[in-house]
């Protein structure tokens, strides 16, 4: 094998290694984004569960979130989630009251 062939082979290995490294970095970035999204979903779920259970401090927190949210569509989404949760909570409390009769 000539020196130029060895050099070309080495360059290909370097390029392959660079591609592999880029893939690993992208996988790590994707994993971090997924963990971040999951954490946000869990926090939101817990807050809504507390609101549903009648925890007024969480309702106050959501009210503050609505007040401080800049984008109107985000504000509407938060309000919708809150109203949906409160409606479910009210319906369940009504069912519980009927169960006791």
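Using 5 Å bins from zero, what percent of all Cα-Cα pairs in the stretch 3-92 falls into each bin?
So the P(r) values, bin by bin, are 3, 12, 13, 14, 11, 7, 7, 5, 5, 5, 5, 5, 4, 3, 1, 0.
If you take the beta carbon distance between residue 64 and residue 35 as r and set R0 to 30 Å, what does 1/(1 + (r/R0)^6) give as a FRET efficiency, to the nearest 0.05?
Values: r = 26 Å, r/R0 = 0.86.
Efficiency computed from Cβ-Cβ geometry: 0.70.
Using the 10 angstrom Cβ neighbour count as an exposure proxy, how do 41, 78, 3 rank, fewest first?
On the way: 41 10, 78 16, 3 7.
The fewest-first ordering by Cβ neighbours comes to 3, 41, 78.
Within the stretch 12-52, whose backbone N sits under 19 Å from a point 7 Å along Cα→Cβ of residue 1?
Taking a point 7 Å out along Cα→Cβ of residue 1, the residues of the stretch 12-52 whose backbone N falls under 19 Å are 12-18.
Counting other beta carbons within 10 Å of each residue's own, what order do 21, 61 fall into, fewest first?
Working: 21 10, 61 14.
Ordered by Cβ neighbours within 10 Å, fewest first: 21, 61.
What is the order of 42, 82, fewest Cβ neighbours within 10 Å to most? Write out the running numbers ahead of the final one.
Working: 42 10, 82 20.
Fewest-to-most ranking of 42, 82: 42, 82.
Bear in mind these aren't lab numbers, they're just calculated from the coordinates by the rules spelled out. What you are looking at is a predicted structure, and each value in this text was computed from that prediction instead of being measured. Note: ideal-geometry Cβ built from the backbone for every residue, glycine included; neighbour counts use all protein chains shown.
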